[in-house]
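The values are calculated or read from the model by the stated rules, or taken from the named source; none is laboratory data. Small disclaimer: the values here were computed from a predicted structure and weren't measured. Don't worry about glycine lacking a Cβ; one is built from the backbone with ideal geometry, like all the others, and counts go over all protein chains shown. To get the accessible areas, we keep the full protein, side chains included, count just its heavy atoms, and leave off ligands, DNA and RNA. Shrake-Rupley method; radii C 1.70, N 1.55, O 1.52, S 1.80 Å.
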Amino acid sequence: MNARFTRRNALRAAVAGGLGLAAARVVPARTAAKPLEGNLKHSVARWTFRQQSIEQLCRTVKQIGFSAIDLVGPEDWSTLKAHGVTSSMCNGAEIGLDKGFAAVEFHDQLVERYTRHIDLVADAGYRNLICFSGNRNGMDPGEGLANAEAGLKRILGHAEKRGVMLVMELLNSRVDHPDYLCDRSAWGIELCERIGSDNFGLLYDIYHMQVMEGDIIATIRKHHPFFVHYHTAGVPGRHEIGDDQELNYPAICRAIRDTGFDGYLAQEFIPEAPDPVASLREAIRLCDV
């Protein structure tokens, strides 16, 4: 053995060799990204990626391998269409998360806004339009349920005629949205049963329902016909959905897939890592089952 080939030299050689192998692996991965499985339709919430313009976000999602952005209003639909990206959940008709269909004093305004917006969504060729229960404000949940049913039925006929799905989001009232009424899956499911329309369903936000009630996979398996859209985020903190939070997203997504779900699963985590696009890419990889 050459005496001059010291331990330091050996380490340098090993590192150099490792870098060479890594480079050999990295280059093909960048030039030929693995296509998505296609069992679930992926999306990402617009508001969680404000560091990118809507045009930049369109390019980002196409580069990752999907073509939908969630919670986009009419002002940005032309940009989405120019990039071949769909609005998987439309917004802009709501007054606010705290002022929804459970309060009769907002019904007339909501009916006017949603009637107009249903036409906008349908004319644009989209389908899903988000809505909210609003806050309790001391109201009994049963009273809120009856109010929401009455208010929504005023616009459901028009939604059915235009082929638009009204989707009420389940949100937690414990951390993020104090006093929000539709904060349990059971309340939302009863509303769906009372309304009895194929054009009304629930947005099952996995993050919010983990905060409120847990039992995510069992709930999805039992009640999936009522869930027409899903949102993700890590618990606790609402950040990335990787190993440092408590939800097993690959298992959850397999459960969703196995129900035969044909809607969208939208990433709604707030990026905390230095590279938000890398976080999104990893989230899609975890959920692409």
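Pairing residues of region 70-90 that are within 25 Å of residue 262 (Cβ to Cβ) with residues that are open to solvent by less than 40 Å² (accessible area, probe 1.4 Å) and among the charged types (D, E, K, R), at Cβ distances under 6 Å and at least 6 apart in sequence or on separate chains, gives 71/46; 72/46; 88/70; 89/70.
Do you know which residues across region 94-112 are open to solvent by 10 Å² or more (accessible area, probe 1.4 Å) and touching a His at 6+ places or on another chain (Cβ under 8 Å)? Selection gives 97, 98.
Being touching a helix residue (DSSP H, G or I) at 6+ places or on another chain (Cβ under 7 Å) and of a type in the set (Gly, Ala, Ser): is that true of residue 159 here? When the stated conditions are applied, residue 159 passes them. Scanning for something farther than 20 Å from residue 57 by Cβ, in contact with a helix residue (DSSP H, G or I) (Cβ under 6 Å, 6 or more places away or on another chain), crowded, with 19+ Cβ neighbours inside 10 Å and not aromatic (Phe, Trp, Tyr), does region 239-246 turn up at least one residue? No, the conditions are met nowhere in region 239-246.
Assuming residue 247 fulfils every condition listed in (1) outside any helix (DSSP H, G or I); (2) touching a residue at least 40 places away in the same chain (Cβ under 8 Å); (3) within 21 Å of residue 97 (Cα to Cα); (4) not basic (Lys, Arg) apart from one, which condition is it? Of the numbered conditions (1) outside any helix (DSSP H, G or I); (2) touching a residue at least 40 places away in the same chain (Cβ under 8 Å); (3) within 21 Å of residue 97 (Cα to Cα); (4) not basic (Lys, Arg), the odd one out for residue 247 is (3).
Could you list, in sequence order, all residues of region 35-52 that are among the small types (Gly, Ala, Ser) and open to solvent by 50 Å² or more (accessible area, probe 1.4 Å)? If you could, list the steps in order and put the result at the bottom.
At the first step, the residues of region 35-52 found to be among the small types (Gly, Ala, Ser) are 38, 43, 45.
Correct list: 38 only.
In region 270-289, the residues that are closer than 25 Å to residue 176 by Cα reach residues that are open to solvent by less than 30 Å² (accessible area, probe 1.4 Å) and charged (D, E, K, R) with C-beta atoms within less than 8 angstrom, at least six apart or across chains, in these pairs: 270/238.
Right, residue 266: among the aliphatic types (A, V, I, L, M) and surrounded by fewer than 20 Cβ atoms within 10 Å (Cβ to Cβ) or not?
On the way: among the aliphatic types (A, V, I, L, M): yes; surrounded by fewer than 20 Cβ atoms within 10 Å (Cβ to Cβ): no.
Taking the combined requirement at face value, the residue does not satisfy it.
Please report, ordered by residue number, the helices (runs of 4 or more DSSP H) entirely within region 115-228 with at least 1 residues that are open to solvent by 50 Å² or more (accessible area, probe 1.4 Å) and in contact with a Ser or Thr (Cβ under 9 Å, 6 or more places away or on another chain). Before you say what the answer is, go through the steps one by one.
Working: elements: 141-162, 185-195, 206-212, 216-223.
It comes to 141-162, 216-223.
Only one entry of 130, 189 meets the criterion of being touching an Asp or Glu at 6+ places or on another chain (Cβ under 7 Å) and either among the β-branched types (Val, Ile, Thr) or touching a residue at least 60 places away in the same chain (Cβ under 8 Å) (or both), and that entry is 130.
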